[in-house]
Amino acid sequence: RCVATAASVALPAMRVATTQHAQQQQLLQHRMRQRLQRRRAVAASAAEAAVAASSRPAPKREEVFTGHPSNNVSDYIYGKMGENLHMQPSHPIGIIKQAIYDYFEASAPGKFSTLDDLHPVVSAEANFDEVLVPKDHVSRSPNDTYYVDDATVLRCHTSAHQAELLRRGLDAFLVTGDVYRRDSIDATHYPVFHQMEGVRIFSEADWGSEDPTEFAARELKASLEGLAKHLFGDVECRWIDAYFPFTEPSYELEIFFNGKWLEVLGCGVMQQSILDGNTGTTGRKAWAFGLGLERLAMVLFEVPDIRLFWSGDARFLGQFKAGDLTARFKPYSKFPACWKDMAFWVSPEFTENNLCELVRAIGGDLVEEVVCVDEFTNKKTGRTSNCFRITYRSMERSLTDEEVNTLQDKVREQVAEQLKVELR
């Protein structure tokens, strides 16, 4: 009877527990469905914003791929053109851009023209000569710059539009756009990023009896220190003397933020020959600055990997909204990395930038980093050997050994074929 009684008591309790478990499972599934719906809604919203923002379409393929022997633009790079991250209001790049526009509008209402949609394919003359880049400067090399043909490039900086806008008669402007540079692969470098160029012209009525260069430099520093405080709060600023071919004197602005000094931008008083030669006037002074929006966004929003800006992942984009500078990125996953080492005897065709371009073309944004981990020169033969470590990691899923091995095999094949290295 005791056993029967215990069983009769246990059965209803089990039924209650089973019912509660079923209810919990239903509640859990409901919450998961809600999360999924929210993610889809954010993704749809981001996609709609991206479409709406892309008022400047990508250049036509035949404009970029000309068949010219100097052309070194890859399909990977062309695929980034027309994304217009800076024109998406709730994207971190768009948020930073608008905050800077708002600052200058508040500082000088109606003074600055803003331009977001200038064409990224420019003449080499505009990109280099018109801003006084020396003929032998390393930035002119096809190792650093994407050439469409001998006379045409993908702009390396928004300064490529400076002379053109001065000739238009603009005396204060902010230009934002995507710029392109062949570069290394790591968490802070990407071959496409976004810059903003700022220019303001002054006349004798502005500086009066003061030295015009000193006046322009003082106005420049006051404006940019104000911008730094607008973005980062009441930070300490310091100025470092620098060299840029298109400004004299030239400076870099650094801020003390989160316990360390960080470079924010480069600037200076515009070279007089650029100002006078493109405005057709004399007796004026101007300042100019250039800044990288990704650099600012990574620091301000605490974004650890520059690839995230291009991911389109709703878990990333959903953390930001237009006009909000207070958001801080919250990591949502960390998938395992896979390392592959590749050693070879270098060739005359080999450069690190050429290697990174080739790896990007094959692995795309699955490649997190490419770094040289060993180098030595054989004393007998004089040949130099490099060993590069390629880190593969997706921001959205775990990679399989099979797909990483397939990518690495393609990299090894193409490195040997295109860069003429001898694999070891």
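Key figures
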read-out	value
Counted residues, region 74-114 - those being within 30 Å of residue 358 (Cα to Cα), open to solvent by 30 Å² or more (accessible area, probe 1.4 Å) and among the small types (Gly, Ala, Ser)	1
Strands (runs of 3 or more DSSP E) within region 327-418 that include 1 or more residues free of Cβ contacts under 8 Å to residues at least 24 places away in the same chain	367-377
Residue that is farthest from residue 77 (Cα to Cα), among those in region 125-182 that are among the β-branched types (Val, Ile, Thr) and in a loop (DSSP other than H, G, I, E, B)	133
Of the criteria (1) surrounded by fewer than 19 Cβ atoms within 10 Å (Cβ to Cβ); (2) modelled with pLDDT of 95 or more, which one residue 154 fails	(1)
Filter result (assigned to a strand (DSSP E or B), under 21 Å from residue 248 (Cβ atoms) and either in contact with a Lys or Arg (Cβ under 6 Å, 6 or more places away or on another chain) or open to solvent by 10 Å² or more (accessible area, probe 1.4 Å) (or both)) within region 190-217	195, 200, 201, 202
For residue 118: the one exception among (1) open to solvent by 30 Å² or more (accessible area, probe 1.4 Å); (2) under 18 Å from the mean Cα position of the chain (by Cα); (3) modelled with pLDDT of 95 or more	(1)
Residue 267 being under 24 Å from the mean Cα position of the chain (by Cα) and closer than 24 Å to residue 169 by Cα	yes
For residue 274: the one exception among (1) crowded, with 21+ Cβ neighbours inside 10 Å; (2) closer than 29 Å to residue 190 by Cα; (3) in contact with a helix residue (DSSP H, G or I) (Cβ under 7 Å, 6 or more places away or on another chain)	(2)
Filtered residues of region 370-379 (kept if farther than 13 Å from residue 343 by Cα and open to solvent by less than 40 Å² (accessible area, probe 1.4 Å))	none
Qualifying position, being under 30 Å from residue 388 (Cβ atoms), in contact with a His (Cβ under 6 Å, 6 or more places away or on another chain), touching a residue at least 60 places away in the same chain (Cβ under 8 Å) and open to solvent by 10 Å² or more (accessible area, probe 1.4 Å), among 144, 183	183
Residue among 253, 300 that alone is open to solvent by less than 10 Å² (accessible area, probe 1.4 Å), under 27 Å from residue 183 (Cβ atoms) and without any contact (Cβ under 8 Å) to a residue 40 or more places away in the chain	253
Checking residue 326 against (1) polar (S, T, N, Q); (2) closer than 19 Å to residue 184 by Cα; (3) more than 19 Å from the chain's Cα centre (by Cα), the condition it does not meet	(2)
Output for region 277-297, where each listed residue is closer than 15 Å to residue 165 by Cβ, in a strand (DSSP E or B) and open to solvent by 10 Å² or more (accessible area, probe 1.4 Å)	290
Count of region 380-413 residues which are among the charged types (D, E, K, R), open to solvent by less than 60 Å² (accessible area, probe 1.4 Å) and touching a strand residue (DSSP E or B) at 6+ places or on another chain (Cβ under 8 Å)	1
Contacts under 8 angstrom Cβ, first residue in region 102-124 being part of a strand (DSSP E or B), partner modelled with pLDDT of 95 or more and among the basic types (Lys, Arg), 6 or more apart	121/155; 122/155
Selection from region 319-340 of residues that are open to solvent by less than 50 Å² (accessible area, probe 1.4 Å) and farther than 28 Å from residue 259 by Cβ	335, 338
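Residues checked against (1) within 30 Å of residue 355 (Cβ to Cβ); (2) among the acidic types (Asp, Glu); (3) modelled with pLDDT of 95 or more:
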position: 163; (1), (2), (3): no, no, yes
position: 166; (1), (2), (3): no, no, yes
position: 174; (1), (2), (3): no, no, yes
position: 180; (1), (2), (3): yes, no, yes
position: 202; (1), (2), (3): no, no, yes
position: 211; (1), (2), (3): no, yes, yes
position: 218; (1), (2), (3): no, no, yes
position: 228; (1), (2), (3): no, no, yes
position: 242; (1), (2), (3): yes, no, yes
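The values are calculated or read from the model by the stated rules, or taken from the named source; none is laboratory data. What you see is a predicted model; the values in this text were computed from it and never measured. Note that each Cβ is placed from the backbone with ideal geometry, even for glycine, and that neighbours are counted across all protein chains shown. Side chains are part of the model used for accessible areas, which takes the heavy atoms of the whole protein and leaves out ligands, DNA and RNA. Shrake-Rupley method; radii C 1.70, N 1.55, O 1.52, S 1.80 Å.
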